[in-house]
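*Asks:* Below is a structure I'd like to ask you about.
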Amino acid sequence: MVKPIRETDGPRHVAIIMDGNGRWATQRGRPRLFGHHAGARRVREIVEACPDAGVKYLTIFAFSTENWKRTQVEVAGLMSLFRRYIAKETRALKSENVRVRFIGDRIRLDHKLVALMDELEQFTSTCTGVNLTIAINYGSRDEVARAVKRLAQDAAAGRLDPDTVNEETLTRYLDTHVLPDPDLVIRTSGEARISNFLLWQSAYAEYEFVDTLWPDFSAEEFTRLVEGYRARDRRFGAVKA
């Protein structure tokens, strides 16, 4: 049994690029959507592992702005999976005191899915346990572009003095403005790239790239990575005396 980590010891906010669902399914001679369903089931185990690991915020990359390039069958299947996941997990998330938020541009999403997302956010808004943030139709460059557009509109309307704009100003316009920056970013499946995920927010995050395909990523491996974070020397550009 892994010893629980005090919140001050480990990363407060962990972000995960959940990669490898399609390859996991292909290795088993099954369609890619079979892997996505297996990956969705894995999310619950990782969320449940967060409290003992001392992780207060968990952000997962579910669907990127670039994922629309996939086949129509796969995209439609993923959208159906998102609707089913929300409908199935809503009461369980509430009972486990998990607060859910969504980030990303909702304009292109199906209105039924958006309604479910809104309902889940409202239903769990009073929860005080793990903060689960799900990125759907999210791309970090798109997020920054949308933030800058809103910032420029406020400046043009006289609601914002351009001379006062700094890093903190832009941060307030991002989708993640209510969240702390991630301390640790994990990518599964052996790929060593960040794929347009939380580029601004993870400027000083620690990274872990693991070979495990997402449907095989266990709570034990998650906890091991969180424990490993504690051994890292984080200086944020400074030098210790």
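The values are calculated or read from the model by the stated rules, or taken from the named source; none is laboratory data. In this text, all values refer to a predicted model and were calculated from it rather than measured experimentally. Note that each Cβ is placed from the backbone with ideal geometry, even for glycine, and that neighbours are counted across all protein chains shown.
*Asks:* Give the residues of the stretch 128-138 that are small (G, A, S) and assigned to a loop (DSSP other than H, G, I, E, B), sorted by residue number. Let's see the steps before the verdict.
*Replies:* Initial filter on the stretch 128-138 (small (G, A, S)): 129, 135.
Result: G129, single match.
*Asks:* May I pose another question? Taking only the stretch 139-160 into account, find how many residues are more than 28 Å from the chain's Cα centre (by Cα) and either within 23 Å of N67 (Cβ to Cβ) or assigned to a loop (DSSP other than H, G, I, E, B) (or both).
*Replies:* 4
*Asks:* For A135, work out the one condition from (1) surrounded by fewer than 18 Cβ atoms within 10 Å (Cβ to Cβ); (2) hydrophobic (A, V, I, L, M, F, W, C); (3) within 30 Å of G35 (Cβ to Cβ) it doesn't fulfil.
*Replies:* Evaluating A135 over (1) surrounded by fewer than 18 Cβ atoms within 10 Å (Cβ to Cβ); (2) hydrophobic (A, V, I, L, M, F, W, C); (3) within 30 Å of G35 (Cβ to Cβ) leaves (1) as the failure.
*Asks:* Okay, moving on. Considering each of G29, G22, G35 in turn, give the residue that is farther than 15 Å from S189 by Cα, out of contact with any strand residue (DSSP E or B) (no Cβ under 7 Å at 6 or more places or on another chain) and not charged (D, E, K, R).
*Replies:* Numbers: G22 fails: farther than 15 Å from S189 by Cα; G35 fails: farther than 15 Å from S189 by Cα.
None of the others qualify; the one that does is G29.
*Asks:* Looking only at the stretch 77-93, count how many residues are more than 16 Å from V114 (Cβ to Cβ) and surrounded by fewer than 15 Cβ atoms within 10 Å (Cβ to Cβ).
*Replies:* Just the residues of the stretch 77-93 that are more than 16 Å from V114 (Cβ to Cβ), to begin with: 77, 88-89, 91-93.
Okay, now just the ones that are also surrounded by fewer than 15 Cβ atoms within 10 Å (Cβ to Cβ), so 88, 91-92.
Summing the residues that are more than 16 Å from V114 (Cβ to Cβ) and surrounded by fewer than 15 Cβ atoms within 10 Å (Cβ to Cβ) in the stretch 77-93 gives 3.
*Asks:* Sticking with this structure for a sec: Can you tell me which residue is farthest from the chain's Cα centre (by Cα) among those in the stretch 115-128 that are surrounded by 16 or more Cβ atoms within 10 Å (Cβ to Cβ) and within 14 Å of R84 (Cα to Cα)?
*Replies:* Top of the filtered list is L116.
*Asks:* While we're on this one: So if I check each of R108, R150, which one is among the basic types (K, R) and surrounded by 12 or more Cβ atoms within 10 Å (Cβ to Cβ)? Please lay out each step first, then the result.
*Replies:* Working: R108 fails: surrounded by 12 or more Cβ atoms within 10 Å (Cβ to Cβ).
Result: R150 is the single residue among R108, R150 that is among the basic types (K, R) and surrounded by 12 or more Cβ atoms within 10 Å (Cβ to Cβ).
*Asks:* A follow-up question, please. Filter the stretch 94-104 down to residues that are more than 17 Å from L179 (Cβ to Cβ) and of a type outside the set (K, R) and give me whichever is surrounded by the fewest Cβ atoms within 10 Å (Cβ to Cβ).
*Replies:* So the residue we want is S95.
*Asks:* Would a scan of the stretch 162-172 turn up a residue that is basic (K, R) and at pLDDT below 95?
*Replies:* Looking through the stretch 162-172, none of the residues is basic (K, R) and at pLDDT below 95.
*Asks:* Then there is this: If you check V2 against the conditions, is it surrounded by fewer than 21 Cβ atoms within 10 Å (Cβ to Cβ) and either modelled with pLDDT under 95 or not in a helix (DSSP H, G or I) (or both)? Outline the logic, then answer.
*Replies:* Details: surrounded by fewer than 21 Cβ atoms within 10 Å (Cβ to Cβ): yes; either modelled with pLDDT under 95 or not in a helix (DSSP H, G or I) (or both): yes.
Taking the combined requirement at face value, the residue satisfies it.
*Asks:* Taking the stretch 86-138 on its own, how many of its residues are over 18 Å from W68 (Cα atoms), of a type in the set (S, T, N, Q) and touching a residue at least 40 places away in the same chain (Cβ under 8 Å)?
*Replies:* Number of matching residues: 2.
*Asks:* Of the numbered conditions (1) more than 14 Å from the chain's Cα centre (by Cα); (2) β-branched (V, I, T); (3) within 23 Å of E48 (Cβ to Cβ), V185 fails exactly one; give the number of that condition.
*Replies:* (1)
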